1. Among the residues of segment 88-118 satisfying the criterion of being closer than 16 Å to Gln130 by Cα and touching a helix residue (DSSP H, G or I) at 6+ places or on another chain (Cβ under 8 Å), which is surrounded by the fewest Cβ atoms within 10 Å (Cβ to Cβ)?
2. Working only within segment 119-143, note down all residues that are assigned to a strand (DSSP E or B) and touching a Leu at 6+ places or on another chain (Cβ under 9 Å).
3. Could you say which residue among Val49, Val85, Val76, Val81 is surrounded by fewer than 18 Cβ atoms within 10 Å (Cβ to Cβ), part of a helix (DSSP H, G or I) and of a type outside the set (Phe, Trp, Tyr)?
4. Could you check Ile57 against (1) under 25 Å from Gly43 (Cα atoms); (2) in contact with a Lys or Arg (Cβ under 9 Å, 6 or more places away or on another chain); (3) of a type in the set (A, V, I, L, M); (4) assigned to a loop (DSSP other than H, G, I, E, B) and say which number it fails?
5. Residues that are in a loop (DSSP other than H, G, I, E, B), open to solvent by 50 Å² or more (accessible area, probe 1.4 Å) and either closer than 18 Å to Leu125 by Cβ or in contact with a helix residue (DSSP H, G or I) (Cβ under 6 Å, 6 or more places away or on another chain) (or both): does segment 3-16 have at least one?
Amino acid sequence: IAYFIICVARLWLDNGSSADGNYSVIIKNKEKIISLDALADTGNSMTDVFSGKPVIICPGHILQQIIGEEPSCEEVYDKMVSSSVIKGIRLVPYSTIDKTGMIPAFIPDEIIIRKNDNYHKVDALIGINQGKNMAIFNPKLLY
């Protein structure tokens with residue numbers, strides 16, 4: 001009986017969570033506006049060492065929309081640095097279960113996370129990872 005009560009309570013609490021559902025991340029940089037599907041993931045605890053701001057991980061193809069080309073994995077940082085439309089470029093350290101490294105990140109003019117008709121303006125950096133298909137952010141950004 002206790003197990004059943006716990007399962008029902010967990011189901012009810014999980015359904016009421018604001019971290020579930022479909023999200024979009026809208027990035028505004030200069031005159032460019034990019035919208036990406038997004039996933040709220042509590043496992044993304046990446047933050048910028050200098051500012052303490054969280055980092056939203058985005059796919060590499062957004063650079064094509066911002067700077068006009070999609071560089072290869074080796075060229076991402078160099079192309080971001082040489083671009084005149086991207087500001088605040090940093091290398092942010094990350095670690096996963098199987099590896100560590102650095103992800104290039106930048107500060108866009110504005111970031112908005114949208115769920116249905118709710119819009120949340122957030123203060124974060126955009127990190128570029130060539131292997132992802134959607135943006136990944138920590139749901140704490142919404143609070």
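The values are calculated or read from the model by the stated rules, or taken from the named source; none is laboratory data. None of these values were measured; they are calculated from a predicted model. So basically every Cβ, Gly included, is an ideal-geometry build from the backbone, and we count neighbours across all protein chains shown. The accessibility values were calculated without ligands, DNA or RNA, using every heavy atom of the protein model including side chains. Shrake-Rupley method; radii C 1.70, N 1.55, O 1.52, S 1.80 Å.
1. Leu91
2. Within segment 119-143, His120, Val122, Ile128, Ala135, Ile136, Phe137 meet the criteria.
3. Val81
4. (4)
5. no
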